[in-house]
Amino acid sequence: MCKRLLDRNAVVTGAARGMGFAIAKALYQEGARVAILDIDEKGAAGAANQLDGKNGRAIGRRVDVTRKSEITQLVQEMSKLWGGVDILVNNAGGGLNTPYLLDQIEEKDWNLVVDVNLKGTFLCCQTVIPEMIKRGGLPGRGSIHGGQGRGGRVDPPAGLRLGKGGDPGQCRGADRNHDRRQNSNHVERKK
Ligand SMILES: NC(=O)c1ccc[n+]([C@@H]2O[C@H](COP(=O)([O-])OP(=O)(O)OC[C@H]3O[C@@H](n4cnc5c(N)ncnc54)[C@H](O)[C@@H]3O)[C@@H](O)[C@H]2O)c1
């Protein structure tokens, strides 16, 4: 690894296991500090410990991405510990063990999948991106509305676009709004 992410602070949601943990590990190995968020509190703590031991470059916290107050609290903690956030990976989601077949899916299953995948991504972007802007990564341009300077403001339609699955253009829309490099479900400040 080339340590291309030294002095960067990353948040990965749903990272106690699976793809989220693999992403967190890759970011860590590139030199980033990593916050591992998951509704599985023990899993998040164990994953952080597995990456970093007690070196202070990884933390694992119980954060439900569908609860804005929990995301806000985490962001505040990251600001205190590491000075802010640079990278957000909206990984939490997927089918969440709900049935595959239409006639077996209950309303509560649909609500869960939409809440975590769509609302969770929206809330994380809404809470974390302003913190990324504070770290200085946002040029004062990048509106989807004709390239006029918008000073980093979030255009109202962005809220409708954020979240994978809700609209194929959503994350790219968030990227354009914030002029960040964007790869389907993560947002990173530009160098
Ligand atoms: N596994 C695949 O083949 C595959 C392929 C393409 C995309 N993906 C996407 O990758 C992501 C992760 O997939 P995976 O297979 O590793 O999933 P997984 O089920 O193994 O892990 C998901 C993690 O998210 C956590 N989580 C669930 N609800 C949460 C919430 N409300 N707040 C915070 N954390 C929560 C779970 O506790 C779990 O640790 C998903 O968004 C999925 O759509 C997966």
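Read-outs: derived from the displayed coordinates by stated rules, not from any lab. Computed from a prediction, not measured in an experiment: that's the story for all the values here. Neighbour counts are summed over all protein chains in view; Cβ atoms, including those assigned to glycine, are modelled from backbone coordinates with ideal geometry.
Tabulated results
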{"quantity": "Efficiency of FRET between Arg135 and Lys42 - r from beta-carbon atoms, R0 41 angstrom, step 0.05", "calculated": "0.85"}
{"quantity": "Computed lengthening from Lys80 to Trp110, 0.36 nm per intervening residue step minus Cα-Cα distance", "calculated": "7.1 nm"}
{"quantity": "Protection proxy ranking of 94-102, 79-87, 7-15 - average other beta-carbon atoms within 10 Å, highest first", "calculated": "7-15, 79-87, 94-102"}
